1. Taking Arg135 and the conditions (1) closer than 19 Å to Phe157 by Cα; (2) open to solvent by less than 50 Å² (accessible area, probe 1.4 Å); (3) at pLDDT 75 or above, which numbered condition does it fall short on, given that it satisfies the others?
2. Given the criterion at pLDDT below 75 and open to solvent by 40 Å² or more (accessible area, probe 1.4 Å), identify the matching residue among Pro177, Pro150.
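The values are calculated or read from the model by the stated rules, or taken from the named source; none is laboratory data. The shown structure was predicted, so the numbers you read here are calculated from the model rather than taken from an experiment. We place every Cβ from the backbone using ideal geometry, glycine too, and count neighbours over all the protein chains shown. Accessible surface is based on the protein model in full, side chains and every heavy atom, while ligands, DNA and RNA are left aside. Shrake-Rupley method; radii C 1.70, N 1.55, O 1.52, S 1.80 Å.
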Amino acid sequence: MTQLTRYQFKLDKLVQISPQLAQELKTRVKLTNTLAWLGVAIAGQFALVILALGKLPDISSDKYPQIGEQFSRYCTGAITHLQHPQQQLVCLQDFNNHWLINWQLFWFDIFAIISFVSIALLTMVGTYLIMRNLRQEQQQGTLQLITLAPQPAINFFIGKVIGAPILLYIFIAAGLPLQLVAGLQAGIPLSLLIAFDLAIIASC
């Protein structure tokens, strides 16, 4: 059985289980669209890590001492209430001139940003995509035909909730590896990370 035949078999089986979901996936999951969303997701994660790294001490100060004292949220020195308006920490070095960085906080911030963006996208953008899809169905006059089709209401509901924002789900799924790595590096147990993600999926 070739790969195309397997794909067609799975699609036919999905049509029998949830015709609405099969139709939504067939309409939206195209190679170009999927690659585009994956590319945007990877580029966004890369930019996030670069921005976070940009908040670390400037290593060029080892060669150019005139840069002076440095401050960062991820350093380990004393809080500077007067010298720095954002109450950041003084950056310190060990005896080998290596910066003392609070890597646990660094990775926790990345984890928190990815989690917050995922929740916001699921609740706002996901809802918008579903409502827009229903509006288009209504304007085209196909919504009534779909609801009168011989399929349980739950299948129609699941088909819309999963199928309409499927590319958004792919986008968010692409960020899960970095979120898990960041969470583990921040000292969060794997079981708690999985429970957190499952709670987000269930609630959204």
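1. All conditions pass for Arg135, except number (2).
2. Of the residues listed, the single one that is at pLDDT below 75 and open to solvent by 40 Å² or more (accessible area, probe 1.4 Å) is Pro150.
Residue-wise test of (1) modelled with pLDDT of 55 or more; (2) outside any helix (DSSP H, G or I); (3) open to solvent by less than 100 Å² (accessible area, probe 1.4 Å); (4) out of contact with any strand residue (DSSP E or B) (no Cβ under 7 Å at 6 or more places or on another chain).
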residue	(1), (2), (3), (4)
Gln16	no, no, no, yes
Gln20	yes, no, yes, yes
Lys26	yes, no, no, yes
Gly39	yes, no, yes, yes
Lys55	yes, yes, no, no
Asn96	yes, yes, no, yes
